[in-house]
Amino acid sequence: MTEKKPAKKVTRASRSVRGFTDEEGTAMRERAQELKAEARRGRGAEKADGENDVLAKIAEMPQPDRAMAERLHALVKASAPVLAPKTWYGMPAYAQDGHVVCFFQSAQKFKTRYATFGFTDKANLDEGAMWPTAFALKQLSAAEEARIAALVKRAVS
């Protein structure tokens, strides 16, 4: 007769998917929470609630990313009012017809040396056989703001 071993205790660490950083795991959990919240709210309240969610995420960011995110939020809203603010993997993002078009990733999100403003495949930025979809940001000057505004307008055209 063989001795029966006790069941292995499952811990949070043993449940996590190997190969992802803690930051990536957190982003995936945030996305799951976002999807649940969207399902609870329904389509009617999406834009107002999305705006509140984005502003709350921005408020959580450390400086200088918070100032940059606040400026980008105002810039995106002014450049493309058709985009609805929402969070996406815990980041401020802007969607058209329910699909994320662009997003802001703070440098602190994945502990990188620069923030990123990026576009998804839903953005109308195609140019030839190759074009950029994400831009590193260390600071925002008038030149960067003008370039981002033009890209956001083009993305929703």
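Bear in mind these aren't lab numbers, they're just calculated from the coordinates by the rules spelled out. Fair warning: this is a prediction, and the values are worked out from it, not measured in the lab. As a convention, Cβ positions derive from the backbone with ideal geometry for all residues, glycine included, and neighbour counts pool all protein chains shown.
Taking only C-alpha pairs under 8 Å that are 6+ residues apart, what is the relative contact order of the chain in percent? If you can, show how the numbers build up before the last one.
Working: 177 pairs, mean separation 28.6, N = 157.
Relative CO of the chain lands at 18 percent.
Counting Lys +1, Arg +1, Asp -1, Glu -1, what net charge surrounds Q139 among other residues with beta carbon under 14 Å of its beta carbon? Net charge around Q139: +1.
So how strong a dipole does region 20-155 carry about its Cα centre when Lys and Arg Cβ are +1 and Asp and Glu Cβ are -1, to the nearest 20 debye? Walk me through the numbers on the way to the answer.
Details: 20 positive and 19 negative charges, 28 e Å.
Roughly 140 debye, rounded to the nearest 20.
Taking a Cβ cut-off of under 12 Å around A80, the surrounding Lys, Arg, Asp and Glu residues balance to a net charge of +3, with basic ones at +1 and acidic ones at -1. Remark: T87, T116, T21 ranked as T21, T116, T87, counting other beta-carbon atoms within 10 Å and listing the fewest first.
For log10 I(q)/I(0) by the Debye sum over Cα atoms at q = 0.08, 0.10, 0.13, 0.19 Å⁻¹, the value computed from the atomic coordinates appears in the list (1) -0.22, -0.34, -0.58, -1.21; (2) -0.30, -0.47, -0.78, -1.35; (3) -0.29, -0.42, -0.65, -1.25 under label (3).
With a cap of 14 neighbouring Cβ atoms within 10 Å, and only residues DSSP puts in a loop, list the GluC sites (Glu not before Pro) found in region 41-132.
On the way: sites: E46, E51, E60, E70, E127; in loops: E127.
Qualifying residues, ordered by number: E127.
Treat the count of other C-beta atoms within 10 Å as a stand-in for reagent exposure and order M130, M68 from fewest to most.
Details: M130 6, M68 22.
With the fewest neighbours first, M130, M68 line up as M130, M68.
Given a Förster distance of 41 Å, report the FRET efficiency between R113 and R41 from their Cβ-Cβ distance, rounded to the nearest 0.05. Working shown, then result.
Working: r = 36 Å, r/R0 = 0.87.
For R0 = 41 Å, the calculated efficiency reads 0.70.
Going by neighbour counts of Cβ atoms within 10 Å, the residues H99, H73 line up, fewest first, as H99, H73. With 21 Å as the limit on Cα-Cα distance, the pairs of K36/K111; K36/K86; K111/K153; K111/K138 that go past it are K36/K111; K111/K153. In the chain, a dipole from Cβ-located charges (positive for Lys and Arg, negative for Asp and Glu) runs towards its positive end, and of G128, H73, M91 it is M91 whose Cα lies farthest in that direction.
Show that you can apply the helix-only estimate: for the chain, add -39,500 (n - 2.57) for every DSSP H stretch of four or more residues, divide by all residues, and state [θ] at 222 nm to the nearest 500. Kindly include the intermediate steps, with their values, before the conclusion.
Numbers: 5 runs with 68 residues, N = 157.
My calculation for the chain gives -14000 deg cm²/dmol from helical runs alone.
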